[in-house]
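The values are calculated or read from the model by the stated rules, or taken from the named source; none is laboratory data. Just so it is clear, the model here is predicted, and its values are computed rather than measured. So basically every Cβ, Gly included, is an ideal-geometry build from the backbone, and we count neighbours across all protein chains shown. The accessibility values were calculated without ligands, DNA or RNA, using every heavy atom of the protein model including side chains. Shrake-Rupley method; radii C 1.70, N 1.55, O 1.52, S 1.80 Å.
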Amino acid sequence: MAALKACSALVTGANQGLGLEMVKQLLEARCSNIFAACRDPDGPNSEALRELAKKHPGVVTLVQLDVADPCIIKESAKKVGSLLGKNGLNLLVNNAAVLPQKTMLTATAEDMQNTFNTNVIGPLFVIREYLPYLRMAAKASAVINISTDAASMTIMPVLKEPFPLFPYSISKAGLNMLTIYTARDLKADEILCISIHPGWVKTDMGGDRAPIDTRESVEGVFRVIGSLTEKQHGGFLDYTGKTMPL
Ligand code: NDP
């Protein structure tokens, strides 16, 4: 899989946390065409990303992309498509996600709908709208859905600490199923697709108690992506390359 060599990549939720670190490490890997997508590129939360784009003109391109809005996804794909060369898009990372801290007893219909829109329907439409460009790069292209151990129906029932992850867990289990369907439907195109759990990471979402930082997590995630073969197609791995239970 040559996705990280001389590549083009698009990362959603690229303005902070793991997404921002992915843009930094893509730069270090000399990825030549990085589309850093976030919902508010001009907002205060995107300052670090704007700085990176300023330092690397023509390499890092900011893309306005709210993954909960299918119309904006379509527009962003048109824009990115017009900037991509004939080699297409090598790497698509569905990283953006939300985690409302709600339980089975407190989650509202709105919590469930918003979480599903961002964490499941968003990645689905991002994959569909960017598919023509992934197809142009087929055999050297991959879709990576950033999942979580909280999506695992094997792990969650035996967790001792009752984290309030109800809408999030359900949505990410849905994302894992999206990976399985995408892998099946894109097999003929030779576009690889997997879910990756990035570890428990110190970010806004992961909090301060998390044992690893974004650098270690993303190094691991990119190591896994760099060594992908058809064997892992449709699978669920963690950032160390270990197979995760569904
Ligand atoms: P952060 O909260 O730091 O970042 C989440 C990112 O998602 C932000 O850039 C946020 O943008 C973006 N986002 C949220 N909603 C939307 C939307 N509608 N459109 C576009 N972007 C959106 O979290 P992490 O960096 O920790 O999480 C990254 C991924 O890793 C997620 O998929 C998460 O589920 C997964 N993960 C993280 C773990 C951890 O311990 N940190 C553990 C397991 C999985 P904005 O700044 O505009 O809000």
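When Leu246, Leu237, Leu228, Leu186 are checked against the criterion of being open to solvent by 20 Å² or more (accessible area, probe 1.4 Å), among the hydrophobic types (A, V, I, L, M, F, W, C) and more than 10 Å from the ligand (Cβ to nearest atom), Leu246 stands alone in meeting it.
Cβ-Cβ distances below 9 Å connect the following pairs, each with a first residue in the stretch 214-236 that is on the phi > 0 side of the Ramachandran plot, a second residue that is within 12 Å of the ligand (Cβ to nearest atom), and a separation of six or more residues or different chains: Gly234/Ser195. Considering the stretch 56-74 alone, what residues qualify as being more than 10 Å from the ligand (Cβ to nearest atom) and surrounded by 15 or more Cβ atoms within 10 Å (Cβ to Cβ)? Val59, Val60, Thr61, Leu62, Val63, Pro70, listed by residue number. In the stretch 34-51, the residue that is farthest from the ligand (Cβ to nearest atom) out of those that are assigned to a strand (DSSP E or B) and within 14 Å of Leu18 (Cβ to Cβ) is Ala36. Within this structure, Pro198 fails the test of being surrounded by fewer than 19 Cβ atoms within 10 Å (Cβ to Cβ), within 10 Å of the ligand (Cβ to nearest atom) and not aromatic (Phe, Trp, Tyr).
From the list Asn119, Asn114, Asn94, the one residue that fits, being near the ligand (Cβ under 9 Å from one of its atoms), touching a residue at least 24 places away in the same chain (Cβ under 8 Å), surrounded by fewer than 24 Cβ atoms within 10 Å (Cβ to Cβ) and not aliphatic (A, V, I, L, M), is Asn114.
The condition of being at pLDDT below 95 and either open to solvent by 40 Å² or more (accessible area, probe 1.4 Å) or within 18 Å of the chain's Cα centre (by Cα) (or both) holds for only one of Lys139, Lys102, Lys172, that being Lys139. With respect to Gln16, is the statement that it is more than 25 Å from Gly226 (Cβ to Cβ) and modelled with pLDDT of 95 or more true? Here the answer is no, as Gln16 does not meet what is asked. Consider the stretch 161-203 and keep the residues that are in a helix (DSSP H, G or I) and of a type in the set (A, V, I, L, M, F, W, C). The one that is farthest from Val218 (Cα to Cα) is Phe166. Would you confirm whether any residue within the stretch 204-214 is away from the ligand (no atom under 12 Å from the Cβ) and either in a helix (DSSP H, G or I) or within 20 Å of Leu92 (Cβ to Cβ) (or both)? Within the stretch 204-214 (the criterion being away from the ligand (no atom under 12 Å from the Cβ) and either in a helix (DSSP H, G or I) or within 20 Å of Leu92 (Cβ to Cβ) (or both)), the answer is no, since none of the residues qualifies.
Residues that are more than 7 Å from the ligand (Cβ to nearest atom) and open to solvent by 10 Å² or more (accessible area, probe 1.4 Å) within the stretch 6-28 comprise Ala6, Leu20, Glu21, Lys24, Gln25, Leu27, Glu28, listed in sequence order.
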